Amino acid sequence: MMKRIPVITIVLLAAIMTGCNTPTRKQAASDNDKGDLLIIDAPELINLNFDLTTGGLPVVPGLETYTVIRSDREHPENAEGYGYTYQHHPDIAVWKGRLYAGWNSCEVDEDTWPSRELLSSSADGKTWTKPVEMFPQGTSTPLRMYFYLATNGRMIIIAGLRINQEKLSERRKNAFVVRELKPDHSLGEVFTLRPPAEEVPNKPPGYKTSEDKNFVKACDQLLSDHLFLLQQDYGNLLDPENRMKWNDPQNWEGDSLLKRSADNFGKAMCFFERKDGAIVGIGKNRWVTVSNDKGITWTQPEKPGTFISGMGKVWGQRINDGRYILIYNPDPSRRWPLAILTSEDGLTFRNPYAIHNELPARRYAGLHKDAGASYHRGLSKWNNDGTFKDDAVWMIYSLNKEEIRVVRIRVPE
């Protein structure tokens with residue numbers, strides 16, 4: 001049984017985290033006049049009941065949940081074949097009529113060898129193929145994102161380049177590998193897309209050695225797409241001059257305390273474009289920044305007072321009907337509930353619902369195995385060729401870092 005946290009504790013914690021009193025609906029509605037970068041107008045989130053997986057929020061009507069993989073050490077043939085029990089860092093894509101899921105699978109502990117990146121696909125989102133290796137084991141490491149649709153119609157897959165078998169650090173990820181996901185759903189040759197500073201034994205050949213000129217063009221486009229690459233922590237897949245100014249805490253305007261807190265800015269960034277043309281960037285630890293010049297410059301990141309989250313990932317996107325959704329764990333430490341909010345303008349989000357409604361016990365030990373639904377990602381211009389016809393929203397997430405699931409959401413009006 002999970003311990004019940006009194007409502008007054010949640011309110012007090014929110015006040016401490018934001019540096020102000022928890023806003024009322026009326027206060028939130030007026031926050032736009034103060035220039036807030038993101039407004040959560042959802043009083044329901046102040047009174048969450050953490051005895052319930054949903055936090056007491058209503059579950060999205062008609063929610064459909066499907067399992068891509070469920071760890072099974074005792075019967076690995078029913079899982080990914082090896083019996084690894086740590087499944088996380090998922091991403092989702094649409095390619096040639098199929099949904100794709102990519103994720104990282106570790107034997108026991110997070111970001112610890114032995115580890116590999118896996119790939120599965122589905123024609124209907126319900127039944128998924130047996131996972132295959134995204135890259136040969138020992139070649140790759142996990143990233144926040146794996147799929148990139150180039151404007152010339154090529155879908156390419158990336159992952160970090162494995163330098164050694166030491167425990168991974170997001171700070172040290174800066175080289176990556178690439179291969180094509182072909183129209184017939186087969187995988188192409190493996191290349192190095194961004195080489196490491198040091199020499200790596202058995203490093204794949206550079207992508208420019210490929211004889212396929214259109215594949216090379218797709219890779220060139222990815223490397224020049226700074227916004228896409230900024231999704232990876234701290235902008236580390238970019239050269240320093242191409243990262244956000246704010247990826248360096250010394251560039252922040254403020255006192256030493258602010259600059260120390262800025263050290264955790266830039267983790268698991270998500271980007272979407274508002275109706276007014278501004279691009280919103282949201283990361284872990286409540287950081288929000290906005291660009292009004294298509295990603296060339298960004299406002300100094302802030303932690304909006306009405307936006308309460310923690311180390312869990314945040315996902316925002318514009319959906320087919322022109323509205324916006326924001327999906328996150330509305331608590332500083334827990335990975336439940338997993339809530340979806342909607343917005344007409346990409347600025348003010350309301351009407352929270354839960355999109356995950358169970359919290360089974362963790363079945364296997366492992367480092368940093370947070371209980372709950374996390375690492376959620378959705379579809380975007382970078383990973384969706386538009387051939388999977390469905391007006392609903394599809395999301396992927398990791399449950400207890402032991403299962404990879406997808407959900408089909410008909411977003412409420």
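The values are calculated or read from the model by the stated rules, or taken from the named source; none is laboratory data. A quick note: this is a predicted structure, and the numbers were derived from the prediction, not measured. Cβ sites come from the backbone with ideal geometry, for glycine too, and all protein chains shown count toward neighbours. Heavy atoms of the whole protein, side chains included, go into the accessibility calculation; ligands, DNA and RNA do not. Shrake-Rupley method; radii C 1.70, N 1.55, O 1.52, S 1.80 Å.
Assorted remarks:
- A search for C-beta distances below 7 Å between a residue of the range 385-411 that is within 18 Å of Arg334 (Cα to Cα) and any residue that is in a strand (DSSP E or B) and hydroxyl-bearing (Ser, Thr, Tyr), counting only pairs 6+ apart in sequence or on different chains, returns Tyr397/Ser374; Tyr397/Tyr375; Ser398/Ser374; Ser398/Tyr375; Lys401/Tyr86; Glu403/Thr67.
- Failed condition for Asp255, given (1) more than 18 Å from the chain's Cα centre (by Cα); (2) touching a residue at least 24 places away in the same chain (Cβ under 8 Å); (3) open to solvent by 10 Å² or more (accessible area, probe 1.4 Å): (2)
- Note on the range 96-116: residues that are within 24 Å of Gly153 (Cα to Cα), surrounded by 22 or more Cβ atoms within 10 Å (Cβ to Cβ) and of a type outside the set (Ser, Thr, Tyr) total 4.
- Residues of the range 287-346 that turn out to be of a type in the set (A, V, I, L, M) and closer than 19 Å to Gly235 by Cβ, as a count: 5
- The range 145-170, subset touching a strand residue (DSSP E or B) at 6+ places or on another chain (Cβ under 7 Å) and closer than 18 Å to Asp111 by Cβ, residue most open to solvent (accessible area, probe 1.4 Å): Leu168
- Any hit, the range 318-332, residues being farther than 25 Å from Ala371 by Cα, modelled with pLDDT of 95 or more and among the β-branched types (Val, Ile, Thr): yes
- Every pair of residues 6+ apart whose Cβ atoms lie under 6 Å, when the first sits in the range 92-104 and is without any contact (Cβ under 8 Å) to a residue 12 or more places away in the chain while the second is open to solvent by 10 Å² or more (accessible area, probe 1.4 Å) and outside any strand (DSSP E or B): none
- Looking across the range 264-277 at every residue that is touching a residue at least 24 places away in the same chain (Cβ under 8 Å) and assigned to a loop (DSSP other than H, G, I, E, B), the one that is surrounded by the most Cβ atoms within 10 Å (Cβ to Cβ) is identified as Gly266.
- Looking across the range 216-230, the residues that are within 15 Å of Gly153 (Cα to Cα) and open to solvent by 30 Å² or more (accessible area, probe 1.4 Å) come down to Lys217, Asp220, Gln221.
- Of the set (1) within 17 Å of Lys401 (Cα to Cα); (2) in contact with a Ser or Thr (Cβ under 9 Å, 6 or more places away or on another chain); (3) touching a residue at least 24 places away in the same chain (Cβ under 8 Å), all apply to Asp72 but (3).
- The residue of the range 231-252 that is least open to solvent (accessible area, probe 1.4 Å), among those that are within 26 Å of Thr141 (Cα to Cα) and free of Cβ contacts under 8 Å to residues at least 24 places away in the same chain, is Leu238.
- In this structure, Leu367 qualifies as open to solvent by 30 Å² or more (accessible area, probe 1.4 Å) and under 27 Å from Asn264 (Cα atoms).
Table: residues versus (1) small (Gly, Ala, Ser); (2) within 24 Å of Thr129 (Cα to Cα); (3) touching a strand residue (DSSP E or B) at 6+ places or on another chain (Cβ under 8 Å).
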{"site": "Gly305", "(1), (2), (3)": "yes, no, no"}
{"site": "Ile325", "(1), (2), (3)": "no, no, yes"}
{"site": "Leu341", "(1), (2), (3)": "no, no, yes"}
{"site": "Gly346", "(1), (2), (3)": "yes, no, yes"}
{"site": "Lys369", "(1), (2), (3)": "no, no, yes"}
{"site": "Arg408", "(1), (2), (3)": "no, yes, yes"}
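- Under the condition of being outside any helix (DSSP H, G or I) and either β-branched (Val, Ile, Thr) or over 28 Å from Pro90 (Cβ atoms) (or both), the residues counted in the range 222-261 number 5.
- Entry remark, the range 194-221: residues being in a helix (DSSP H, G or I), touching a residue at least 24 places away in the same chain (Cβ under 8 Å) and over 27 Å from the mean Cα position of the chain (by Cα) number 1 in total.
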